[in-house]
Amino acid sequence: MLRSKDLTGLYDASAEEIVEILDRAAEMKALLAKGRKSEKTLAGTALVTLFYENSTRTRTSFELAGKYLGAHEVNIASASSSVQKGETLIDTGRTLDAMKIDFIAIRHPLAGAPALLARNVSASVINAGDGMNEHPTQALLDMFTMREKFGKIEGLKVAILGDIKHSRVAKSNLFGLKKLGAEVYMYAPRTLMPMGIDELGAHVCNSMEEAVAGAHCVMGLRIQLERQKGGLFPSLSEYSRFYGVKDDILSLADKDAIIMHPGPVNRGIELTPSLIDGDRSVIEEQVTNGLVTRMAVLSLLREYREKNL
Ligand code: CP
């Protein structure tokens with residue numbers, strides 16, 4: 001049983017809640033494998049996807065998750081909403097509440113926006129990525145993918161490489177993985193490594209070799225040029241040369257190591273095309289697992305709402 005009507009991050013989630021979501025995602029994956037896309041789990045509910053930033057994977061998978069489980073589903077793109085006329089986030093949320101919406105999946109450029117919304121609406125708010133803060137459903141789908149491959153999370157070594165400073169994916173993975181007993185090793189240019197991440201439990205490495213040695217999971221991160229004011233590294237070609245993940249580094253990793261990336265990927269910058277498309281890559285499976293993980297989150301939040309609200 002989840003402990004809150006909302007999922008705004010993994011910093012405050014318990015290990016039991018995370019395992020419950022992963023177990024439910026496995027049930028959802030089994031349903032999908034049977035071709036079942038017309039369930040009644042969310043029948044009589046309504047889901048809004050409220051995205052103030054671009055998305056392909058997260059928004060589409062929330063929408064499909066709602067549809068496959070029988071919810072009514074509506075998308076609001078901020079470019080065509082009353083946000084453009086000056087409406088505040090809280091007023092937008094209250095407007096949706098007045099239409100008896102049950103779930104709001106929100107992506108916002110400002111850290112904390114989903115938590116603010118959650119405190120001001122009766123709908124369940126799911127953080128679909130807030131600024132440089134958290135992206136909990138991405139980390140949950142990543143953990144689901146790791147657990148499928150290795151049978152457990154405890155004891156895994158996970159190397160996270162790249163633009164960690166701007167990455168909400170890295171932070172949510174760190175919080176979730178630590179709670180389930182994995183160790184997280186991070187490597188980035190110094191200018192892209194956030195101060196204090198070691199105090200949150202990450203091993204900050206001085207070389208990519210140190211991060212990848214013996215790793216079970218090697219996760220590249222997207223360079224987030226849209227969140228940078230410039231000057232954090234000389235050029236994309238130099239970033240790729242010195243910090244991009246190349247094929248030969250895998251010889252240092254565990255023999256069964258998998259290659260992960262949350263997407264969207266800048267081909268040839270963060271990872272070589274041969275790693276992205278190679279047989280160790282689970283990047284497409286991550287996308288499938290995103291759908292079943294979001295189905296799991298919605299179904300568990302519905303159970304919370306039925307019992308507690
Ligand atoms: N991984 C991720 O959040 O992808 P999108 O930006 O396409 O949703």
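The values are calculated or read from the model by the stated rules, or taken from the named source; none is laboratory data. As the structure is a computational prediction, the values presented were derived from the model and not from experiment. Because the Cβ atoms are built from the backbone with ideal geometry, glycine has one as well, and the counts that use them run over all protein chains shown. SASA here: full protein model, heavy atoms, side chains in, ligands and nucleic acids out. Shrake-Rupley method; radii C 1.70, N 1.55, O 1.52, S 1.80 Å.
Seen against the Cα atoms of the chain and their longest principal axis, helix 15-33 is set at about 80 degrees.
Accessible-area rank, largest first, for Leu309, Leu225, Leu32, Leu7: Leu309, Leu225, Leu32, Leu7, with all protein chains present and a 1.4 angstrom probe.
How much of the accessible area of the stretch 89-212, probe 1.4 Å, is carbon plus sulfur, in whole percent? Mind showing how you got there, number by number?
Working: 2250 of 4270 Å².
Exposed carbon and sulfur together represent 53 percent of the surface.
Applying a threshold of 24 Å to the alpha-carbon distances of Lys149/Lys246; Lys85/Lys165; Lys34/Lys255; Lys40/Lys171; Lys34/Lys171; Lys152/Lys307 flags Lys85/Lys165; Lys34/Lys255; Lys40/Lys171; Lys34/Lys171; Lys152/Lys307 as lying beyond it. Kirkwood analysis of the Cα pair distances in the stretch 164-296 returns a hydrodynamic radius of 15.5 Å. Counted residue by residue at 0.36 nm each, then reduced by the alpha carbon distance between them, the extension gain from Asp23 to His72 reaches 15.2 nm. For the stretch 18-88, the list of trypsin sites (Lys or Arg not before Pro) that fall in a loop by DSSP and count at most 16 other C-beta atoms within 10 angstrom reads Lys34, Arg36, Lys37, Lys40. Contact order for the stretch 68-138, expressed relative to its length and based on alpha carbon pairs under 8 Å spaced 6+ residues apart, stands at 26 percent. Here the spin labels are modelled as points 7 Å beyond Cα on the Cα-Cβ line, and at Lys255 and Arg241 they lie 3.6 nm apart. If R0 is 35 Å, the Cβ-Cβ spacing of Ala213 and Arg36 corresponds to a FRET efficiency of close to 0.25. The convex hull of the Cα atoms of the stretch 77-162, projected and averaged over all directions, covers 7.7 nm². Measuring only protein heavy atoms, the 1.4 Å probe finds Met132 accessible over about 90 Å².
Could you please put Phe144, Phe175, Phe242 in sequence from largest to smallest accessible area, using a 1.4 Å probe? Intermediate results must be reported in sequence, preceding the final value.
On the way: Phe144 5, Phe175 30, Phe242 120 Å².
The ordering from most to least exposed comes out as Phe242, Phe175, Phe144.
Taking each pair of distinct Cα atoms in the stretch 1-142 once, what is the resulting Kirkwood hydrodynamic radius in Å? List each step's numbers first, then the result.
Values: mean 1/r = 0.0641 Å⁻¹.
Evaluated on the stretch 1-142, it is 15.6 Å.
For the chain, the longest principal axis of the alpha carbon atoms and the long axis of helix 283-308 meet at an angle near 40°.
Ligands, DNA and RNA excluded, the heavy atoms of Phe62 present near 0 Å² of accessible surface to a 1.4 Å solvent probe. A simple spin-label model places pseudo-atoms 7 Å from Cα toward Cβ; at Ser14 and Thr88 they are separated by 3.4 nm. Taken over the Cα atoms of the chain, the convex hull encloses 128 Å³ per residue.
Principal-axis analysis of the Cα atoms of the chain puts helix 89-98 at an angle of about 40° to the longest axis.
Taking Cα pairs under 8 Å and at least six residues apart, what relative contact order does the chain come out at, in percent? Walk me through the numbers on the way to the answer.
Numbers: 592 pairs, mean separation 64.6, N = 309.
Over the chain, the number comes to 21 percent.
Calculated accessible area for the stretch 87-156 comes out at 36 Å² per residue, all protein chains present (probe 1.4 Å; ligands, DNA, RNA ignored). When the surface is traced with a 1.4 Å probe over the full set of protein chains, Tyr243 keeps roughly 70 Å² accessible. The modelled label-to-label distance between Val204 and Glu303, using points 7 Å beyond Cα along the C-beta direction, is 4.0 nm.
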